[in-house]
1. Of the lysine pairs in the chain, how many meet both conditions: Cα atoms under 28 Å apart, and a spacing of 8 or more in sequence or different chains?
2. If r is the Cβ-Cβ distance from Gln134 to Asp38 and R0 is 25 Å, what FRET efficiency results, to the nearest 0.05?
3. What are the ³J(HN,Hα) values, in whole Hz, obtained from phi via the Karplus relation 6.51 cos²θ - 1.76 cosθ + 1.60 with θ = phi - 60°, for each residue of the range 188-205 in sequence order, with x given for Gly and Pro?
4. For the charge dipole of the range 1-82, defined by +1 on Lys and Arg C-beta atoms and -1 on Asp and Glu C-beta atoms about the Cα centroid, which residue among Asn77, Pro28, Tyr56 has the Cα displaced farthest towards the positive pole?
5. Distance between Cα centroids, the range 1-59 to the range 149-222: provide it in whole Å.
6. Return the sequence-ordered ³J(HN,Hα) values of the range 10-19 in whole Hz as given by the Karplus equation 6.51 cos²θ - 1.76 cosθ + 1.60 applied to θ = phi - 60°, using x for Gly and Pro.
7. Order the peptides 173-183, 45-55 from the highest to the lowest mean number of other Cβ atoms within 10 Å of their residues.
8. Using +1 on the beta carbon of Lys and Arg, -1 on that of Asp and Glu, and nothing else charged, what's the dipole of the chain about the Cα centre, debye to 20?
Amino acid sequence: MKFGVVVFPGSNCDHDAFYAISNILKKPVEFIWHQSQDLANCDAIILPGGFAYGDYLRTGAIARFSPVMKSVSKFANSGGMVLGVCNGFQILLEAGLLPGAMMRNSGLRFICRHVHIRVEQTDTPFTNAASNGQILKIPIAHSDGNYTCDEATLAELERNRQVIFRYTTPDGTDDAAGNPNGSIANIAGICNRERNVAGLMPHPERAVESALDSADGLVIFRSMVEALVGAAKATA
């Protein structure tokens, strides 16, 4: 298996994602430059956090037109596994690979701190190593993390079980109190209907070692590894 981490001008979490895959999980990983349309035969693609193209115009709006995104869209539409983290999530929304949009945080301030999110679904390649209802402590760092969508889209997300992470309190009892940015329905992360594309605002790549005050983010990357191993066995 091999992971690919896309690098946009302004990405600043690309090396963190690379480190999590290569140094912690010991799996092959390669950087993919935004101007390339070659995904280097990768089995999973990560769109990292940062400020792609300086977030000019709107977060993710310019990155959505990068040459690499043509290949990422084709890869995703053919069933390839794609994870967008923070700015990567915003890019997936702008590219139409996930529904909804991002707005400024409700407090109109940049927020950088640990939050708690609850795993809502475990039947995705991004959560299969977690337990249903598991609480993860993972940091956020964003100004535009207020996920929004219309009522029909929200109803569809709920009906299809596409909400895979929600903000909550440490004990998982009060979602509204744990919501740092005003995101609708306390949504921290979603997947597409086919469940092969996911995005979340918290940074799992910044929570992969105890020295970082949490290693909870590893469950997401381990889930991806397990899903790839399972897919390889199924086609062997």
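Rule-based calculations on the coordinates, nothing more; no lab input. Everything numeric in this text was worked out from a predicted model, so none of it was measured. Heads up, the Cβs are rebuilt from the backbone with ideal geometry, glycines too, and the neighbour counts pull from every protein chain shown.
1. The result is 14.
2. Working: r = 37 Å, r/R0 = 1.46.
The pair Gln134/Asp38 has a calculated efficiency of 0.10.
3. 10, x, 9, 10, 7, 4, 6, 6, 9, 10, 9, x, 8, 7, x, 9, x, 5
4. Asn77
5. 20
6. Result, rounded to whole Hz: x, 4, 9, 10, 5, 5, 5, 5, 4, 4.
7. In decreasing order of mean packing, 173-183, 45-55 become 45-55, 173-183.
8. On the way: 20 positive and 23 negative charges, 61 e Å.
Taking the Cα centre of the chain as origin, the dipole is about 300 debye.
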